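Enquirer: So that we are looking at the same thing, I have put the structure below in structure tokens.
The values are calculated or read from the model by the stated rules, or taken from the named source; none is laboratory data. Being a predicted model, the structure only gives us computed values, none of them experimental. A quick note on method: Cβ atoms are made from the backbone with ideal geometry, for glycine too, and the neighbour counts reach across all protein chains shown. Only protein heavy atoms, including side chains, enter the accessible area calculation; ligands, DNA and RNA are left aside. Shrake-Rupley method; radii C 1.70, N 1.55, O 1.52, S 1.80 Å.
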Amino acid sequence: MESNCDIREAVIEIPALPAFLETMKGIAESAGTHIICFDADELAGRAHAAKAVRHALRAWQEGRAIANTLEMEALLYAAGTRQCRVATGIGLHEGTNRCYVCLCPPSEAAAAALGKVMNWTEEDWEGIDGEKERRLMERYDITPEEIDAVGGRIRPLVMERVALLEVNR
């Protein structure tokens with residue numbers, strides 16, 4: 001199902017979030033796609049974004065979505081929560097954003113239009129340093145014991161939290 005989306009990295013400067021979201025909404029509507037943005041600093045990598053979008057698309061297609069939009073449904077999965085207020089914490093914010101931008105379905109027209117309001121990049125954001133690991137542990141309620149149990153790797157535990165939202169609906 002990931003082939004239904006194109007995931008890219010972008011750096012975005014957002015002076016006013018409501019105006020930026022309206023701009024993105026207009027681009028999405030004119031291109032016939034959904035634009036889902038995740039804060040890369042709050043995710044365990046590109047695979048985390050892809051997994052959240054996959055689950056959201058499936059929930060949407062099967063009529064099990066709990067959010068009013070596919071974009072919010074994807075944020076809920078990425079955050080591993082049913083609380084929209086919590087999920088928006090891993091979306092866009094005012095200031096500088098390092099984001100995974102998902103276009104579902106892929107749209108070169110949308111990508112070109114978005115390129116005028118954000119800077120596409122091919123930086124490697126897969127690394128998880130100590131500070132990011134601490135944030136992820138806090139956000140996903142992961143204990144040091146759990147990390148020890150999986151050989152010191154936090155990424156599989158975050159992915160498990162995304163998948164568990166299926167059960168905890």
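Enquirer: Just to confirm my filter: which helices (runs of 4 or more DSSP H) fall fully inside the stretch 107-168 and include at least 3 residues that are at pLDDT below 95 and crowded, with 17+ Cβ neighbours inside 10 Å? Talk me through it step by step, then tell me what you get.
Expert: On the way: elements: 108-114, 130-139, 144-149, 155-167.
Filter on the stretch 107-168 gives 155-167.
Enquirer: Then there's this: Go through (1) surrounded by 11 or more Cβ atoms within 10 Å (Cβ to Cβ); (2) of a type outside the set (D, E, K, R); (3) out of contact with any Leu (no Cβ under 6 Å at 6 or more places or on another chain) one by one and return the number of the condition G91 breaks.
Expert: (3)
Enquirer: State which residue is nearest to I14 (Cα to Cα) when the search covers only the stretch 61-94 and only residues that are part of a loop (DSSP other than H, G, I, E, B) and among the basic types (K, R). Walk me through how you get there before you give the answer.
Expert: Of the residues in the stretch 61-94, the ones part of a loop (DSSP other than H, G, I, E, B) are 62-69, 80-83, 91-94.
Filter once more, so that each one left must be among the basic types (K, R): 64, 82.
Numbers: R64: 32, R82: 26 Å.
Top of the filtered list is R82.
Enquirer: Let me ask another. Do we find that Q83 is in contact with a helix residue (DSSP H, G or I) (Cβ under 9 Å, 6 or more places away or on another chain), surrounded by fewer than 14 Cβ atoms within 10 Å (Cβ to Cβ) and modelled with pLDDT under 95 in this structure?
Expert: yes
Enquirer: Could you say which residue among A56, A52 is within 25 Å of G130 (Cβ to Cβ) and outside any strand (DSSP E or B)? Working first, answer last.
Expert: Details: A56 fails: within 25 Å of G130 (Cβ to Cβ).
Criteria check complete, one pass: A52.
Enquirer: Now a separate question. Could you check the stretch 95-106 and list, in sequence order, the residues that are over 20 Å from L57 (Cα atoms) and either outside any strand (DSSP E or B) or open to solvent by 20 Å² or more (accessible area, probe 1.4 Å) (or both)?
Expert: Kept after step one, since they are over 20 Å from L57 (Cα atoms), are these residues of the stretch 95-106: 95-98.
Scanning the stretch 95-106 gives G95, T96, R98.
Enquirer: Here's a follow-up. Could you check A56 against (1) open to solvent by 10 Å² or more (accessible area, probe 1.4 Å); (2) in contact with a helix residue (DSSP H, G or I) (Cβ under 8 Å, 6 or more places away or on another chain) and say which number it fails?
Expert: (1)
Enquirer: Starting from the stretch 140-161, take each residue that is under 18 Å from A74 (Cα atoms) and hydroxyl-bearing (S, T, Y) and list its partners that are open to solvent by less than 60 Å² (accessible area, probe 1.4 Å) and part of a helix (DSSP H, G or I), counting only C-beta distances under 6 angstrom and pairs at least six apart or across chains.
Expert: Within 6 Å, the pairs are Y140/V158; Y140/R161.
Enquirer: Six or more apart or on different chains, Cβ atoms under 8 Å: show the pairs whose first residue is in the stretch 113-132 and touching a residue at least 60 places away in the same chain (Cβ under 8 Å) and whose second is in a loop (DSSP other than H, G, I, E, B) and of a type in the set (A, V, I, L, M).
Expert: Final answer for the pair search is I128/A44; I128/I154.
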